[in-house]
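Remarks on the structure that follows.
The values are calculated or read from the model by the stated rules, or taken from the named source; none is laboratory data. Being a predicted model, the structure only gives us computed values, none of them experimental. No Cβ is skipped: glycine too gets one built from the backbone with ideal geometry, and neighbour counts run over all protein chains shown.
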Amino acid sequence: MNENEACTVLSGLLIRAPWINLILEGSKTWEIRGTHTGKRGRIALIQSGTGTVIGVAELVDALGPLTLSDLVANASKAGFDKHDRVLNLPYQRTFAWVLQRTHRLRQPVPYAHPHGAVIWVSLAHSVERDVLEQIGRPTRDEG
């Protein structure tokens, strides 16, 4: 990752509660999805249905497709409680998007949700700026 990528939020990932909260608490490091992603670097974390960015994370890898054994062996990384029994893969082809260095924002930042967006949202520069200011990172204009 180059220096410019390290200081900008380019995309927001939509994640449902309670999973997004587990990610921001640090107890869930794998976001389970039905597709692979080539994206890497800092991303915004958007709580589905709220119209707000509530945190940031580094997307560092995408593993898979996972087998059921892979998911069972790493159930805690995927946010499953130790008492949960993982009996099936959630998708025909299941991937783990590996997240690190999460940070919850002090104040949620609103954004304009484009019609049809279900996984990724491109954020306006003003939203990027407001998010980055909260985590103490330079914006594109400053970095």
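Here Gln92 passes the criteria (1) within 17 Å of Ala17 (Cα to Cα); (2) touching a residue at least 40 places away in the same chain (Cβ under 8 Å); (3) out of contact with any Leu (no Cβ under 9 Å at 6 or more places or on another chain); (4) surrounded by fewer than 12 Cβ atoms within 10 Å (Cβ to Cβ) except the one numbered (1).
Every condition in (1) surrounded by fewer than 17 Cβ atoms within 10 Å (Cβ to Cβ); (2) among the polar types (S, T, N, Q); (3) closer than 21 Å to Val131 by Cα is met by Gln47 except one, and the failing one is (1). Going by the conditions given, is Thr102 crowded, with 17+ Cβ neighbours inside 10 Å, at pLDDT 95 or above, farther than 19 Å from Gly26 by Cα and of a type in the set (Ser, Thr, Tyr)? The answer is no for Thr102.
Residues in region 57-92 that are touching a helix residue (DSSP H, G or I) at 6+ places or on another chain (Cβ under 6 Å) and not small (Gly, Ala, Ser): 2 in all.
If you go through region 73-84 and keep only what is loosely packed, with under 15 Cβ neighbours inside 10 Å, free of Cβ contacts under 8 Å to residues at least 40 places away in the same chain and of a type in the set (Gly, Ala, Ser), you end up with just Ala73.
Taking residues in region 50-72 that are in contact (Cβ under 8 Å) with a residue 40 or more places away in the chain and among the charged types (D, E, K, R), and partners anywhere that are surrounded by 19 or more Cβ atoms within 10 Å (Cβ to Cβ) and assigned to a strand (DSSP E or B), the pairs with Cβ atoms closer than 7 Å and at least 6 places apart or on different chains are Glu58/Arg42; Glu58/Leu99.
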